[in-house]
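The values are calculated or read from the model by the stated rules, or taken from the named source; none is laboratory data. In this text the structure is predicted, and so the values were computed from the model without any measurement. Counting neighbours? That spans all protein chains shown, and the Cβs are built from the backbone with ideal geometry, glycine included.
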Amino acid sequence: MPMYEHVFLARQDLSQSQVDSLAQEATKIVEDNEGKVVLTETWGLRTLAYKIQKNRKAHYVMLRLDAPGNVIEELERQTRINEDVLRFLTIRVDEHEEGPSVMMRKPERDRKPRRDDN
């Protein structure tokens, strides 16, 4: 079955529980259409590079999916309709990464001592 990563940005004025319910709705769409959600990650409220619909920040959520193409079409259609979602992107991947995504590992990388070249 094809594998995908679906990332969406939700409005900044939503509570965390509302963002979680958006992720659950996306999961329900996929599972109702014989797909499978392998992993759901909430990356938190992050600053955007530029304003989108008067929002300076957005809640980021990523879903790793195993689903046929028609399920992805339906997921994107439903996401496009939802007014709480500012942007979304779905990409097909050859295989899913093991463990957390790069966005979740970033704080670990930043904590490592930097090499001093003096």
All but one of (1) surrounded by 10 or more Cβ atoms within 10 Å (Cβ to Cβ); (2) at pLDDT 90 or above hold for Ala49; state the number of the condition that does not hold.
(1)
Have a look at Ile29, Ile81 and point out the one that is of a type in the set (A, V, I, L, M, F, W, C) and loosely packed, with under 15 Cβ neighbours inside 10 Å.
Ile81
Glu34 vs. criteria touching a helix residue (DSSP H, G or I) at 6+ places or on another chain (Cβ under 8 Å) and assigned to a loop (DSSP other than H, G, I, E, B)
yes
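Among the residues of the range 39-82, which ones are free of Cβ contacts under 8 Å to residues at least 12 places away in the same chain and of a type in the set (D, E, K, R)? Let's see the steps before the verdict.
Keep residues of the range 39-82 that are free of Cβ contacts under 8 Å to residues at least 12 places away in the same chain, which gives 47, 49-51, 54, 73, 77, 80-81.
Of everything in the range 39-82, those that are free of Cβ contacts under 8 Å to residues at least 12 places away in the same chain and of a type in the set (D, E, K, R) turn out to be Lys51, Lys54, Glu73, Arg77, Arg80.
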Residue tally, condition of a type in the set (S, T, N, Q) and either at pLDDT 95 or above or under 18 Å from the mean Cα position of the chain (by Cα) (or both), over the range 53-73
1
Would you please list the contacts, defined by Cβ atoms under 6 Å and residues six or more apart or on different chains, that run from a residue in the range 93-111 that is assigned to a loop (DSSP other than H, G, I, E, B) and surrounded by 10 or more Cβ atoms within 10 Å (Cβ to Cβ) to a residue that is basic (Lys, Arg) and at pLDDT 75 or above?
His96/Arg64
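Please find, among Leu39, Leu48, the residue that is within 20 Å of Val102 (Cβ to Cβ), within 12 Å of the chain's Cα centre (by Cα) and of a type outside the set (S, T, N, Q). If you could, list the steps in order and put the result at the bottom.
On the way: Leu48 fails: within 12 Å of the chain's Cα centre (by Cα).
After ruling out the rest, the residue left standing is Leu39.
Restricting attention to the range 56-74, report how many residues are closer than 16 Å to Asn33 by Cα and either in contact with a strand residue (DSSP E or B) (Cβ under 6 Å, 6 or more places away or on another chain) or surrounded by 15 or more Cβ atoms within 10 Å (Cβ to Cβ) (or both).
Filtering the range 56-74 for residues closer than 16 Å to Asn33 by Cα gives 63-74.
So of that shortlist, the ones also either in contact with a strand residue (DSSP E or B) (Cβ under 6 Å, 6 or more places away or on another chain) or surrounded by 15 or more Cβ atoms within 10 Å (Cβ to Cβ) (or both) come out as 63-67, 71-72, 74.
The total comes to 8.
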Considering only the range 80-89, I want to know if a residue exists there that is out of contact with any Leu (no Cβ under 7 Å at 6 or more places or on another chain), part of a helix (DSSP H, G or I), modelled with pLDDT of 90 or more and of a type in the set (A, V, I, L, M).
yes
